[in-house]
1. What do you reckon, is residue 17 part of a loop (DSSP other than H, G, I, E, B), among the charged types (D, E, K, R) and assigned by TED's automatic domain parsing to the domain that holds residue 165?
2. With surrounded by 17 or more Cβ atoms within 10 Å (Cβ to Cβ), of a type outside the set (S, T, N, Q), within 18 Å of residue 114 (Cβ to Cβ) and out of contact with any helix residue (DSSP H, G or I) (no Cβ under 8 Å at 6 or more places or on another chain) as the only criterion, which of 101, 6, 46 stands out?
3. Out of everything in region 113-147 that is touching a Phe, Trp or Tyr at 6+ places or on another chain (Cβ under 9 Å) and under 20 Å from residue 282 (Cβ atoms), what residue ends up being surrounded by the fewest Cβ atoms within 10 Å (Cβ to Cβ)?
4. Return yes or no: is residue 74 over 15 Å from the mean Cα position of the chain (by Cα) and assigned to a helix (DSSP H, G or I)?
5. Any idea how many residues of region 168-214 are surrounded by fewer than 20 Cβ atoms within 10 Å (Cβ to Cβ) and not hydrophobic (A, V, I, L, M, F, W, C)?
6. Just to be sure before I move on: is residue 52 crowded, with 20+ Cβ neighbours inside 10 Å and either among the small types (Gly, Ala, Ser) or touching an Asp or Glu at 6+ places or on another chain (Cβ under 7 Å) (or both) in the structure I sent?
Amino acid sequence: MRISLVIPTLNAGPLLDDVLAGVLAQRDPGFDELIAIDSGSTDGTVERLQRAGFRVASIDKREFDHGRTRDRGIALTTGDIVVLLVQDATPQGADWLGKMVAPFADPQIAGVWSRQIPREKCQPIMKRRILGWPGWGDGVTKKALPEGKQLRDLPPFEQLFTCAFDNVASAMRRSVWQRFPLGPRRFGEDIWFGKRVIEAGLAIAHQGSAIVMHSHDRTAWAEGKRTFCDHRNLHRLFGLVGIPTREALDGAIVHATKEHCDYVRSLGLPVDEEVKALKWTTDYVKWQCWGQFVGAKAGADLPGPEGMFLRLLGKRLERGIG
């Protein structure tokens, strides 16, 4: 079984060296092929990839599309299993790859995705969120449709958890990718892949024992923009609506602000650090809730002036979402 790796890159910065060290540390098995698709890096990213043994294909930054760009990278590979990684996700341990490919012993498994842990510089609420998702523990969790059921028979949240897949660190059978390419897809190419393979009667595995270190130090507003894009996508795929009304929105902000701020206070952080964390958390809750509420509305593709406004808003908010 040949194993290929594909990483999309753009000005990855010094953290890339940590990721490459994790990639090159893999043993029994290691990678047979290393491919990167670079969108115009100017910080030495391409040269560092090449020194690490990667074949680098370059595209114009304007051509980048989360699904189609990964498809271009996969098309350059020859592996039976293709692993997808992002430029700031570091595999933990030399056996990470072995754990990722182990579930493919089950012929029903179409793809496997990895657990994540946060980096040290991570807001407390985001750290808790990352460590708690998806909540399936350390082993392999296989997801497939219950016998005799179709995906649309399940409630929206159950549909999401059945189809959950994350290309921060994932692996897929080449034969399945040939049936279900990832793009074109500007956002959420991974969950779209998951939905289609589940509907086809295949299965997805979450490998809780394979871990990558990955998190971001984004502003609360940036997290809110991502939430908007995420919930727009989830409504279109599953009809999911987390916050259905303005009244529910107001209540969610009040409830979540108290719950999250109480958690931050419980950590016993130094005063200055706690003050900053509480400010970030308050802003995060506001934009997270608004992102869910407006994102689901945008995903409904409404007619008339409201729909036109939401489409224009979506184009603005999705700019710069990596």
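1. In short, no.
2. Matching residue, one of 101, 6, 46: 101.
3. 128
4. For residue 74, the condition - over 15 Å from the mean Cα position of the chain (by Cα) and assigned to a helix (DSSP H, G or I) - is met.
5. 13
6. No.
Residue by residue, here is whether (1) of a type outside the set (Val, Ile, Thr); (2) out of contact with any helix residue (DSSP H, G or I) (no Cβ under 9 Å at 6 or more places or on another chain) holds:
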residue: 137; (1), (2): yes, yes
residue: 140; (1), (2): no, no
residue: 146; (1), (2): yes, no
residue: 157; (1), (2): yes, no
residue: 166; (1), (2): yes, no
residue: 182; (1), (2): yes, no
residue: 198; (1), (2): no, no
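Every residue, every condition in (1) of a type outside the set (Asp, Glu); (2) without any contact (Cβ under 8 Å) to a residue 12 or more places away in the chain, yes or no:
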site: 39; (1), (2): yes, no
site: 42; (1), (2): yes, no
site: 47; (1), (2): no, yes
site: 50; (1), (2): yes, yes
site: 67; (1), (2): yes, no
site: 81; (1), (2): yes, no
site: 104; (1), (2): yes, no
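The values are calculated or read from the model by the stated rules, or taken from the named source; none is laboratory data. Since we're looking at a predicted model, the values are computed, not measured. Note that each Cβ is placed from the backbone with ideal geometry, even for glycine, and that neighbours are counted across all protein chains shown.
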